[in-house]
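The structure appears right after this line, and notes come after that.
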Amino acid sequence: MSDSLGVYLQDHLAGSVHAVGLLEFMRDEHSGEGLGEFAAGLLGEIEADREVLQALAERIGSGSSSSKELGAWFGERASRLKLHHHTPDGLGTFEALEFLGLGIGGKLALWSALAAAAPRDVRLQTIDYDHFIARAQAQLDQVEERRLTAARSALVPSSSNGKKCLLSPWQSTSTAILVVLAAAVFFVRPSKLKE
């Protein structure tokens, strides 16, 4: 087994934990709204992609990393502090969609990289990468459309004074915490932790 392949799959599995939690939160926070319905539909696809990735990781012998997935879970829960903070401008929703788009972009890169490596590794040859690449691109396009719509209200000056601070001190602190947690998930290697 290629250790780097196992680590790579574990990193993406951990990222999917964050995406699933974020979509569940969006679905529940926006229940009965278009955004909630969108999140529910996308959640099913993301969970299906995760199952394929999990099966692949188990087939190559790496499985998932409990420590990385736990870090991603904590990071997602911490992000709820910021995203739950309802502001009239919708900054939390905009940033949630942006983060989701970044994650899906990473998944698109994953499927493309695995497709490139598949001809040299028989364990990678059982997946229809074209299908998953196309699905990730469609997901990314849908999220990007909603993100840009959210940007129209989140990033414009408020009507009260013509100026708007994009991040309050509270939001800046929560963003810094999220960055540290996300970095910890991807920089912790199995050789440094006993699973």
Residue count, the stretch 121-145 (criterion: modelled with pLDDT under 95 and either assigned to a helix (DSSP H, G or I) or touching a strand residue (DSSP E or B) at 6+ places or on another chain (Cβ under 7 Å) (or both)):
3
Any idea which residue in the stretch 1-36 is modelled with the highest pLDDT, counting only those that are over 18 Å from the mean Cα position of the chain (by Cα) and in a helix (DSSP H, G or I)?
Gly34
Residue satisfying all of: in the stretch 48-69; modelled with pLDDT under 90, part of a helix (DSSP H, G or I) and among the small types (Gly, Ala, Ser); surrounded by the fewest Cβ atoms within 10 Å (Cβ to Cβ) among these:
Ser66
Residue in the stretch 80-108 that is nearest to Phe132 (Cα to Cα), counting only those that are of a type in the set (D, E, K, R) and at pLDDT below 90:
Glu95
One residue is enough: does the stretch 169-185 have a residue meeting the conditions modelled with pLDDT under 85, within 15 Å of the chain's Cα centre (by Cα) and either exposed (fewer than 13 other Cβ atoms within 10 Å of the Cβ) or among the basic types (Lys, Arg) (or both)?
yes
Looking only at the stretch 116-136, which residues are touching a residue at least 60 places away in the same chain (Cβ under 8 Å) and either surrounded by 17 or more Cβ atoms within 10 Å (Cβ to Cβ) or among the hydrophobic types (A, V, I, L, M, F, W, C) (or both)?
Ala117, Leu124, Ile127, Phe132, Arg135, Ala136
Hey, among the residues in the stretch 117-130 that are in contact with a helix residue (DSSP H, G or I) (Cβ under 9 Å, 6 or more places away or on another chain) and not acidic (Asp, Glu), which one's farthest from Ala55 (Cα to Cα)?
Ala117
Counting only residues that are free of Cβ contacts under 8 Å to residues at least 40 places away in the same chain and either surrounded by 14 or more Cβ atoms within 10 Å (Cβ to Cβ) or small (Gly, Ala, Ser) (or both), the stretch 138-158 contains a total of 3
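The values are calculated or read from the model by the stated rules, or taken from the named source; none is laboratory data. Quantities reported herein were computed from a predicted structural model and do not represent experimental measurements. Virtual Cβ from ideal backbone geometry, glycine too; neighbours counted across all protein chains shown.
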